[in-house]
Structure formats: structure tokens, C-alpha cells
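Asks: Structure in C-alpha cells, see below.
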Amino acid sequence: MVSPSDHMANERTFLAWIRTGVALIGFGFVIAKFSIFLEVLKGVKSGGHSLEFGEVMIALGGLVIGYGLAVYLLTERDLRDGTYRPRYFMNSVFAVVVLVIALSLAFLVI
């Protein structure tokens, strides 16, 4: 039997995904605007890739929010139907995608 606390736990987890996505989007905006800040401060064109890195972070934030929504809806359906099972494969694939993006950005910085 599914209790209301199961649904509330699912909602808290969904809100954590939203919070993480919003933080990534905000961080992406900070990164994207950093080169503009340096140009204004020093009067020199930076020539860096902060705009592209910021755009990737913003897209990653949107991806995190979309993934969180998908997991939330699937979990709600499974709780309602009494068929909940952990999503090992789905979570693993998502983690690998985020890891590849992070490593790609790291290698571009070096």
C-alpha cells in the first residue's frame, strides 16, 4: 500500500532536481557574462570561451530539469499502479551523459 508520504517524498526529490537545474542555469549565466565583465573591467577583449561554457551549463540545467520531470512522472505512475522499481539503468545513463559533458568541458579548459 502506497502512503501519502511516498508521494510527498517523490515531490521533494522532484523539487531537488528543479533546484539543481536552476542552480546550473544560474551558474551558466554567471560563466557566460564573466568575459563581458572582464572586458568592461580591463578594457581588453578576453577571447575566452566563457560564453560557450555558459551556454553548455544552461543547457545542462535544462536537461537536469527535464530528467527530473520524467523521473517524477514515471515514479508517480509506478506508485499509483503499485509497480515501483528503482531505475538503475536510466539513472546510470543520465549520470554518464552528465559526466561526459563535465569531462568535455574540463578538457576544453586545459
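The values are calculated or read from the model by the stated rules, or taken from the named source; none is laboratory data. Every value quoted in this text rests on a predicted model; they were computed, and no experiment measured them. Here the Cβ positions follow ideal geometry from the backbone for every residue, glycine too, while neighbour counts run over all protein chains shown. Only protein heavy atoms, including side chains, enter the accessible area calculation; ligands, DNA and RNA are left aside. Shrake-Rupley method; radii C 1.70, N 1.55, O 1.52, S 1.80 Å.
Asks: Using per-residue counts of other Cβ atoms within 10 Å, averaged over each peptide, order 17-24, 57-64 from highest down.
Replies: 57-64, 17-24
Asks: Let me ask you something else. Given R₀ = 22 Å, FRET efficiency for Val97-Glu55 by Cβ-Cβ distance, to 0.05?
Replies: Working from the Cβ atoms, E equals 0.85.
Asks: Of all the accessible heavy-atom surface of the chain, with the other protein chains kept in place and a 1.4 Å probe, what percent is carbon and sulfur? Don't skip to the answer; put the middle values down first.
Replies: Numbers: 5610 of 7690 Å².
After summing per-atom areas, the C and S share lands at 73 percent.
Asks: Okay, moving on. Note down the relative contact order for the chain as a percent, whole number, built from C-alpha pairs under 8 angstrom at least six residues apart.
Replies: 33
Asks: Normalise the Cα radius of gyration of the chain by 2.2 N^0.38 Å (N = residues in it) and let me know the number.
Replies: This ratio for the chain stands at 1.41.
Asks: Averaged per residue, what accessible surface does the chain expose to a 1.4 Å probe, in Å²? Intermediate results must be reported in sequence, preceding the final value.
Replies: Details: 7690 Å² over 110 residues.
For the chain, the per-residue accessible area is 70 Å².
Asks: First check a/c for region 46-103, with a ≥ b ≥ c the square roots of the eigenvalues of its C-alpha gyration tensor; if it is under 1.5, answer rounded, and if not, answer prolate when a/b is larger than b/c or oblate otherwise.
Replies: On the way: a/c = 8.62, a/b = 2.63, b/c = 3.28.
Oblate, because a/c is 1.5 or more while a/b does not exceed b/c.
Asks: Specify the angular offset, from 0 to 90 degrees and rounded to the nearest 10, of the alpha carbon long axis of helix 50-81 from the longest principal axis of the alpha carbons in the chain.
Replies: 0
Asks: Helix 88-109: angle to the longest alpha-carbon principal axis of the chain, degrees 0 to 90, nearest 10?
Replies: So the inclination is approximately 10 degrees.
Asks: Could you tell me which of Leu38, Ala70, Ser3 has its Cα farthest along the dipole of the chain towards the positive end, charges placed at Cβ (Lys, Arg +1; Asp, Glu -1), taken about the Cα centre?
Replies: Of the listed residues, the answer is Leu38.
Asks: If the label point is 7 Å along Cα→Cβ of Ile18, which residues in region 52-70 have backbone nitrogen under 20 Å from it?
Replies: 58-70
Asks: Sticking with this one: Helix 4-42 versus the longest principal axis of the chain: what angle, 0 to 90°, nearest 10, using Cα atoms?
Replies: Computed tilt is about 0 degrees.
Asks: Residues with beta-carbon under 14 Å from that of Lys33, excluding Lys33: net charge, scoring Lys, Arg +1 and Asp, Glu -1?
Replies: -3
Asks: Can you give the FRET efficiency for Tyr88 and Lys42, using 1/(1 + (r/R0)^6), R0 = 35 Å, r = Cβ-Cβ distance, to the nearest 0.05?
Replies: 0.10
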